[in-house]
Each structure stands twice: as C-alpha cells, then as structure tokens.
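Working notes, beginning with the structure itself.
The values are calculated or read from the model by the stated rules, or taken from the named source; none is laboratory data. Small disclaimer: the values here were computed from a predicted structure and weren't measured. When we count neighbours, we look across all protein chains shown, and the Cβ atoms used for this are built from the backbone with ideal geometry, even at glycine.
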Amino acid sequence: MRSKTGEADPPQTPIDTPASRRLRSLDIRVTGNPLDPDLAGSIIKPAELVDVIELTSLNRSELVMYNQLLAHAWNEIESTKVQRMPNARLHEAFDKLMAAFAKNSQRHPDTGRQVTTRISLLGPNAEEDTEDGYFYYTFHEGLLNVLRHSHTWARLKSEIMYLLRSKYSIRLYEMIERRINLNVQSETFTVDQLRALLGVPRNKLGRFADFNKYALKPAIAEINQLTDYSVSVGIRKRGRLVHELVLMWFRKDSDAVTRAAAERQRSRVGRSARRRDKVEIIV
C-alpha cells in the first residue's frame, strides 16, 4: 500500500521472525489529515490494537474517536507524553474510553511462549470546560511499552473509515489492512474468536445465524463495496454446527478498484440498495 506521499509501506513479516525486529510500527508515519473526513489521510494502527478482544465494548463512534486520538498523537507518541487536541465536548465518549481496556494474545519473540496482554486503551486525561478549550490526554505506559515492541501494523485510509457505517465493518477493515501485506490470503478462526475480534458484545448475537446476518455479512458487504479488497468467508461444519470460519481476502483488479473509488465519491443515499448485502458464503 502507498501513502499519500507515494512511498510504499515496507513488506510486513510475522511478529516472531528476526526480520520483523528491524522496523517498528512506531517508525511508520501517519500522513495527510486523518481527523478530517473530507481529506485524505492515513492512520497507523499496530497489530496489538487491531487483533484485540474488547473487554469493554465500544460502539462505532467511540471506535472512530479512539482511532482519531491515536492518529493525532502517533507521530510524536514516544516523545510527547501529554497530547492536546480541540475539545469535542463528548464527555460520555471520553468516559467510556477512559474505562476501556482490551486483551491481546501472541507468541513472545524471544521465549516462544504464548502471552496474553491486557491493555488500557487510554491513560489519564483532562478537558477544559469551555467551547474553545482543549482535551489533554495520555496513553498508559503499559500500552506504550507494547507499542515499542510492535512490528506489524495496519495503515488505515481515514476516508474509508469514516464511510463505513458499522463498527463491525471498521474492525474487519482494520483486520484486512493489518494482513494485506503479509504472505497469506486467508486465516481460520473459531466463531467465538471472530465474534470477539469484530467486537460483538458477549450478550448479543449469540446464535451463528444472527451473528452472520447482522454483523459478519453486512461488514463483508461494506468492505467489498468501498475498499480496494475483496473479502469472503468459508464455513467449516462439524455435523450441523458451524465449527470454524475461514476469512479470505485479496486485492481487487484495476476495474474493481476504480468502481470502489467511484462509489466512495457517490452520495451515501442509496448505497445500501446498491450494495444489496451480497456476500459469498462458502461451505
């Protein structure tokens, strides 16, 4: 993938290989203006914040806000402890992010052991109680330490993130961008694993039929309509029960990329009808 400057991201390698230690996620720069929905920009989101299980479920607006806070701080996140941005006066969202944390499980590059890390998404913060005031925020030192050892990331196109209308679509988009430069085109998950990675609350969409109808298929349909990637899912069954899901992705050809770009420029009115929720399910 190429940034706004035209420079391509270097190929990513799995986190537990020696080559992956040469370039950190923190070395990759945010470009453009990712805080403005009308301007092109890119957001760097490390794998440790993409492939997480939300122990505090965020809605779409809260997820977008967190990505904005991360993008605003990213290029100076190591050197500037306290970040500042104009106060959006969204008290409830800030309260939710302050209380939010997630967990990530991956293999340690030195010991080879599987390690589960629980991450606070945001550190202490303060907001000025005026219309022209600022929101001051920090990231927890534990999270910063995780980021210092991150070697795999997603480069998100901010204009696509703002167009995606579902939290599940955004989470799936992050997952695909995090994997698109790896030398694989599919990954297998249990139903519970994929539910968790898409951020489905534990008490919702418990049946696979509901999860598939209201979360998975609509998310895939939005990705296929608006991005440069095609995504499909394969179902593996044990008897009559769905046992595993095989998520597959690949880059579209030039004609399909052009159609997706044209759709991004069209009005949101009628987009759902044009999409018609078409998703290929392979059993």
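Observations on the model:
- Subset of segment 174-198 [under 16 Å from GLU54 (Cα atoms) and in contact with a Leu (Cβ under 7 Å, 6 or more places away or on another chain)]: GLU174, MET175, VAL191, LEU194, LEU198
- So LEU39, is it surrounded by fewer than 19 Cβ atoms within 10 Å (Cβ to Cβ), over 17 Å from the mean Cα position of the chain (by Cα) and not assigned by TED's automatic domain parsing to the domain that holds THR227: yes
- In segment 133-150, the qualifying residues are those that are more than 17 Å from ASN75 (Cα to Cα) and in contact (Cβ under 8 Å) with a residue 40 or more places away in the chain, and the one that is surrounded by the most Cβ atoms within 10 Å (Cβ to Cβ) is PHE135.
- PRO46 buried (at least 17 other Cβ atoms within 10 Å of the Cβ), modelled with pLDDT of 85 or more and either within 19 Å of the chain's Cα centre (by Cα) or under 26 Å from THR31 (Cβ atoms) (or both): yes
- Only residues that are among the polar types (S, T, N, Q) and either farther than 15 Å from SER150 by Cβ or touching a Pro at 6+ places or on another chain (Cβ under 7 Å) (or both) were counted across segment 93-124, and they come to 4.
- Within segment 1-36, considering residues that are modelled with pLDDT of 95 or more and not in a loop (DSSP other than H, G, I, E, B), the one surrounded by the most Cβ atoms within 10 Å (Cβ to Cβ): SER25
- Count - residues of segment 151-167 that are small (Gly, Ala, Ser) and part of a helix (DSSP H, G or I): 1
- Of all residues in segment 222-278 being β-branched (Val, Ile, Thr), part of a helix (DSSP H, G or I) and surrounded by fewer than 16 Cβ atoms within 10 Å (Cβ to Cβ), the one that is farthest from the chain's Cα centre (by Cα): THR258
- Tally of residues being within 20 Å of SER232 (Cβ to Cβ) and either modelled with pLDDT under 90 or of a type in the set (Lys, Arg) (or both) across segment 242-271: 3
- Residue within segment 170-182 that is surrounded by fewer than 15 Cβ atoms within 10 Å (Cβ to Cβ), touching a residue at least 60 places away in the same chain (Cβ under 8 Å) and part of a loop (DSSP other than H, G, I, E, B) present: yes
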